[in-house]
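A quick write-up on the structure given underneath.
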Amino acid sequence: MCGIFGYIGHQQALPILVEGLRRLEYRGYDSTGVAVDDGQSIQTHKTVGKVADLKAILPPSVQGTLGIAHTRWATHGGVTQVNTHPHASEAGTVHLVHNGIIENYQQLRKGLLKRGIECVSETDSEVLAHMIALEIESGSTPLESVQKTLRRLRGTWGLCILFKEHDLLVCARNGSPLIIGQGEGETFVSSDPHPLTTHTQRVVYLEDGDVALIKRDSFSITSIRGHAVEPSITVLEEAWGEAELGDAPHYMYKEIYEQPDALRQCIAGRVDREMGTGRLGGMGLDHATLVQAPHVRLLGCGTAAYAAEIGQTLIERMGRIPAVAHISSEFRNNDTVINPKAIYLAVSQSGETADTISAIKEIQLKGGQVFGVVNVVGSTIARLCGQGVYIHSGPEQSVASTKAFTNMVAALTIFATQLGRTRHLSKDDGRELIHHLQQAPHLMETYFEDTGPIGEAVDLLCDAQSVLFLGRGLSATVAKEGALKLMELAYIPCLAYPAGEMKHGPIALLEEGSPVVVVAPNDHLKEKTMSALHEVKARGAKVILIHEKGDSIAAEGDVSIAVPSIHPWLTPLLTVLPLQLMAYETALRLGRDVDRPRNLAKSVTVE
Ligand code: F6R
């Protein structure tokens, strides 16, 4: 979603800001802008569209070593130039960019109106520029003006503020991430670690309630009430700087094909083949907690929720204790009962998903312990949970999640094995599973050597009015993930159902030629899935069948795509691959923007 980049240093700010915006693009946005201070005045340029569109309207030379920049994903007010950030106060003394939502902005706007100040945009953010400017006019310093203004707000903010005639930036965070990067004689601000890694590895993640005063070669942090806060320096991992496209046509393509290596990273050092168990040291789970936990609850949104659902099934199968996967936004609003002895797992690629963060806070408030299953190191969820497992997918830049999904599934599989081995999972069964898990990266590579007739599947999909996805057990969840991918990338309405449920409703949709994707690996539910396939075919539908290599059911699909055989509990790691490729190729065929589908954001930081 919205992205912030700020710079104060010894270099020309504009190219650094524009490059920062470019590296934030993957988060999803609809308009973008920049403000640069040349020491005399502050120049602002904004446009609806992409960073490339902004570049096209920038004057040839904009001098200045201090500036702020933003990518906006509209929440309050349409996608217009006037609503695009940075926003300025009436006299131009304050310019700011804001991520998050100011809940009481209507009331604040009325207050400004009474003082004769009219907002020009429809945004909630603009009020802040006017309020801060009023404090400056009444004699407060930039830092004090921001602190005083923030004390009157309700909502969430990541803020980066530029003041005319002041050689500094002020930043603040509450519920929307903001990171300060310290270089040599220059300081950077970003809502995301990616754009920082090309400049510095030394960063400070602001905490909720922090306000930072940023100068060229130093910064200091206080609370909203003005108390000093001790910054805690984090050194970013090198890997986060390496997410360049290289020769790949799109990030999604690159990330799909990175899955074997990403999976190796996730598994490495975390399994004990001899004992047939997992070893997730970062979770800090003692034996007693594992043995005594009454149940496990998992949280996530979108693809992460589907990975959590697969985790639920594996935890129940291996651990023989109840497990439930919840959609974070539902969980947090349903006043769910929290048992402090249970294990809670928050699953998220970005580690910044607002709904999941709110659910974690709700659990923690009620005494529950939450463990993160997260990709982005140092992200809000990782820090909020304090313990958990990094899935180590490396940077995922395409909006559609691919390699994070398979690594979430792998991390949860390892957790389920560890839990299972403290209970009823036998050493032999544990060993067999670990052996197959270690084979999975190689089997992914084997599939990628021959991906099957994806093109023929795309022929069926790209003209479809809607597509039905079916599977049973673990494959019912894989079907949901496949439907989500195709829907979000190709904009084709997709419905996913457990195959046994099809006859209770969705079968009414089928007519001659309707494409139906059936996920039927060789597990104990395959025969039942095949019954649904026959019912589908009897209505004239065209079946795209995902099956295991060498299985005679291949003859049953109108288009049949084979994946290598694997342990029945690990099939999602392979059956999801053709579904990812089908979504990618269909989107391309339809001329969609595969890496940045319309209306979507990579990091969903508003509830
Ligand atoms: C789908 C997709 C989204 C995310 C969801 C959660 O391809 O990417 O559904 O999975 O927004 O995001 P994270 O995992 O960052 O919490």
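Per-structure values
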{"read-out": "Cβ-based net charge around GLN259, under 15 Å, with every Lys or Arg adding one and every Asp or Glu removing one", "value": "-3"}
{"read-out": "Bins of 10 Å from zero: percent of alpha-carbon pairs in region 422-520", "value": "14, 33, 30, 17, 6, 0"}
{"read-out": "Among GLN364, GLN349, ILE327 the positive-end extreme of the charge dipole of region 251-444 (Cβ point charges)", "value": "GLN364"}
{"read-out": "DSSP beta bridges in the chain [antiparallel fraction, %, rounded to 5]", "value": "60 percent"}
{"read-out": "Test item: Cα-centred dipole of the chain, Lys/Arg +1 and Asp/Glu -1 on Cβ, debye", "value": "1400 debye"}
{"read-out": "Region 251-444: antiparallel DSSP beta bridges as a percent of all, rounded to 5", "value": "10 percent"}
{"read-out": "Whole-Hz couplings from phi, Karplus 6.51/-1.76/1.60, listed for region 87-92; x for Gly and Pro", "value": "9, 10, 6, 4, 8, x"}
{"read-out": "Two-decimal Rg/Rh across the chain, once Rg and the Kirkwood Rh are taken from alpha-carbon atoms", "value": "1.00"}
{"read-out": "Unsatisfied cross-links (Cα-Cα over 23 Å) in the set LYS480/LYS602; LYS148/LYS366; LYS403/LYS602; LYS480/LYS526; LYS361/LYS480; LYS341/LYS366", "value": "LYS148/LYS366; LYS361/LYS480"}
{"read-out": "If the convex hull is drawn through the Cα atoms of region 3-236, its volume per residue in Å³", "value": "106 Å³"}
{"read-out": "Rg followed by Dmax, in Å, when region 490-554 is reduced to its Cα trace", "value": "11.8, 33"}
{"read-out": "Per residue Cα convex hull volume in Å³ - calculated over region 303-345", "value": "69 Å³"}
{"read-out": "Percent of alpha-carbon pairs separated by more than 12 Å within region 1-50", "value": "65 percent"}
{"read-out": "Lys, Arg +1 and Asp, Glu -1 on Cβ, resulting dipole of region 1-51 about Cα centre, debye, nearest 20", "value": "180 debye"}
{"read-out": "Nonlocal amide H pairs with PHE469, under 5 Å, H built at 1.01 Å", "value": "LEU495, ALA496, TYR497, VAL517"}
{"read-out": "√(5λ) per eigenvalue of the Cα gyration tensor, region 448-597, largest first, Å", "value": "21, 18, 14"}
{"read-out": "Peptides 415-428, 37-50 ordered by average Cβ neighbours within 10 Å, highest first", "value": "415-428, 37-50"}
{"read-out": "Long-range amide H partners of ASP38 with built H, under 5 Å", "value": "GLN43"}
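Computed from the coordinates by the stated procedures, all read-outs in this text should not be read as laboratory data. All values derive from a computational prediction rather than experimental measurement. With ideal geometry, Cβ positions are generated from the backbone for all residues, glycine too; neighbour counts draw on all protein chains shown.
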